[in-house]
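The values are calculated or read from the model by the stated rules, or taken from the named source; none is laboratory data. Model, not experiment: these values are computed from the prediction. Note that we place each Cβ from the backbone using ideal geometry, even for glycine, and neighbour counts take in every protein chain shown. We work out accessible area using only protein heavy atoms, side chains counted, and drop any ligands, DNA or RNA first. Shrake-Rupley method; radii C 1.70, N 1.55, O 1.52, S 1.80 Å.
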Amino acid sequence: MSLWWANKGQLSPEQLDLIENLPLGLDQLVFGPPGSGKTNILLRRAQFVRPQGMPRVLVLTFTRPLTEFIKTGCVDADGAELFPRNSVSTYASWINSIYDGHDIERPTVTGQDLVADRTILAKGALGLAAKGKFPLYDVLFVDEAQDLVPEEVRLLKEWANVLFFVADKRQHIFSDATGMATIEELVPQERRHTLRFHYRLAPEICAMADKILVSQSGQTLSSTGHYSGPRPGEINAFGPALKAAQIDEAIKNLRLQIRAYGDFIANGDRLGVIVARRDHRDEVFAAFEADDILAGKSQIVRARDLNEEGDYSPSLDPERPVLILTAAGCKGIEFRAAHWLFCDEGIYYFKAETYYTVVTRAKTRLDLYFASTLPGTLAASYAPPVKPW
C-alpha cells in the first residue's frame, strides 16, 4: 500500500483543485508546509496530465531516499502500475543522463561543496537541449524546489515545455542554493499557490516545529493541522550519553515501535534513524544487525557511489522498515517515528531550517539522542517533563 498515492476521496478540495483544475500549458509553483500533500499533488498531477497528450513527464526529487520511497508506491497492492517507476528520478541522475545521452564528459567537480558542484554540473549542461537530439519533456515535476540552484532552474526550463514546482521555504537546507528567486521570475504571482493545511504531524511535533521557525504566512503548524494518527504524539530526549549508549537506547525504542506501529508499517510506514555523518550509518547498522529482534529489519539508504563495487542497491526493501540515513538525506521523507542519533554533532553547522526539516520528518514520535548537551535550537523548542523535586 502506498503512502504517496492518496485516493481521490482522501484529498481535500484545495489539493484536488491543484491536481485537476490548473491549466495544462502553464508553469506552476505550489508552496506548502510539511505534511500538506505537496508530493502527493506532484505525483497525482503527473498522472493526471499523461493521458491528455502530455505523456513525456518526469518527476524529479532532491534525494535518492525520497526517490526510492516514491517508487515503492508506483504500483498498487495488486501489482498494477499507477505511474511508471522509471519516470521518477533524482536531479543528479537526470543531469548525468543528459551528459551520457550527448556523449559528453561531465565537468570536474571538487567533491567538497555540494552546491558548488551542482552549479558546475548544471552550467555545463546548459544549451544541450538546443542540439535537438532528444524531444523536450511535456512537463517536468520538481519536488523540494527551494533547494535548487539558479543554473538548475535554467536547465529545467530548457528541457521542458511546462514546469510544475512544489516547495517549502522553511525546509531550505542549503543556504547557498538560491534558485527560488529564479523560479519566481518564471512563475508569476497568479500561478503561485499555497496549501493552507497539513495532515501528517501530531500536535506535539507541530508545537516543537513552530518554536524553531515562523511561517511566512503567519499561520502556525499547530493552527493548521488535521492530524488523525495515534495520540498523543511524543517527544523524548536521551542524554548526555556515549554513542554506544545512544544506540542501545534507540534499539530498545525501535523494538517496541516495530510492534506498536506494526499495522502502520504493514501499510507502508517507516521508522527513521537519522545521523549527522555518513560514517555513522555503518556503525548504527552493524549494531542493529547484531540485535536479535532488529536483525534484518533495517537498511542504510544512500545514493549509489559510482566507484562502489558490489551489489549495493538504493531501492527500499519492504521487509526492512527501519531506514538509516543522514539529516540531508531525510528531506521529503516521513516516518511514523524518527530517531535523531548524535544530534549534537551538527551543532556548529546545522541551521534552523535543518532542525525544522528533521523534526518534521516524524509523524507521531520523535526521539533525540545527544552526547554532551541538546543543541540550543532543539532545547529552546522542547521542554521535557520536570522530574519530581
Arrange the peptides 197-203, 346-352, 95-101 so that the one whose residues have, on average, the most other Cβ atoms within 10 Å appears first. 197-203, 95-101, 346-352
Gap separating the Cα centres of region 312-370 and region 78-129, nearest whole Å: 25
Could you give me the ³J(HN,Hα) list for region 317-328, computed from phi with Karplus coefficients 6.51, -1.76, 1.60 and θ = phi - 60°, whole Hz, x at Gly and Pro? 8, x, 7, 10, x, 9, 9, 10, 7, 7, 4, 5
Calculate, in nm to one decimal, what SER175 and GLU190 gain on full extension: separation in residues at 0.36 nm each, minus their alpha carbon distance. 2.7 nm
Ellipsoid semi-axes in whole angstrom, largest first, where each is sqrt(5λ) of the Cα gyration tensor of region 11-142: 28, 18, 16
Please list, in order along region 117-128, the HN-Hα scalar couplings obtained from phi with the Karplus expression 6.51 cos²θ - 1.76 cosθ + 1.60 (θ = phi - 60°), rounded to whole Hz, x for Gly and Pro. 5, 4, 4, 4, 5, 5, 4, x, 8, 4, x, 5
Sum -39500 (n - 2.57) across every DSSP H segment of at least 4 residues in the chain, then divide by the residue count to get the 222 nm mean residue ellipticity, nearest 500. -9000 deg cm²/dmol
Heavy atoms only, 1.4 Å probe, whole protein assembly: order ARG320, ARG170 by accessible area, highest first. ARG320, ARG170
Rounded to the nearest 5, what is the percent of antiparallel bridges among the DSSP beta bridges in the chain? 0
Skipping prolines and chain starts, which residues have an amide H placed within reach, meaning under 5 Å, of the one on GLN28, given they are 5 or more residues away or on another chain? LEU163, PHE164, PHE165
Among ALA244, ALA290, TYR355 - extreme Cα towards positive end, dipole of the chain, charges at beta-carbon: TYR355
Provide the per residue accessible area, probe 1.4 Å, for the chain, rounded to a whole number of square angstrom. 44
Given contacts defined as C-alpha pairs under 8 Å and at least six residues apart, what's the relative contact order of region 180-280, whole-number percent? 23
R0 of 25 Å, Cβ-Cβ distance ASP17-GLU81: FRET efficiency to nearest 0.05: 0.45
In Hz, Karplus ³J(HN,Hα) per residue of region 13-25 (6.51, -1.76, 1.60; θ = phi - 60°; x = Gly, Pro): x, 5, 5, 4, 4, 6, 7, 10, 10, 7, x, 6, x
Rounded to the angstrom and largest first, Cα extents along the principal axes for region 230-302 equal 31, 27, 24
In nm, to one decimal, how far is the modelled label at PHE134 from the one at SER222, with both set 7 Å along Cα→Cβ? 4.8
Using amide H atoms built 1.01 Å from N in the peptide plane, name the residues 5+ places from VAL75, or on other chains, whose amide H lies under 5 Å from its own. LEU82
Hey, which lysines would be in cross-link range of LYS157, C-alpha to C-alpha under 26 Å, not counting anything within fewer than 8 residues on its own chain? LYS38, LYS71, LYS123, LYS131, LYS133, LYS169, LYS331
Within the set ALA276, ALA80, ALA122, GNM on the chain using Cα springs under 10 Å gives the largest fluctuation to ALA80
State the percentage of accessible surface on the chain attributable to carbon and sulfur atoms; use a 1.4 Å probe and exclude ligands, DNA and RNA. 52
Looking at the calculated P(r) for the chain, what percent of the C-alpha pair distances fall above 25 Å? 56
Would you mind checking which residues have amide H under 5 Å from GLU234's amide H? H placed 1.01 Å from N; only 5 or more apart, or other chain. ARG365, LEU366
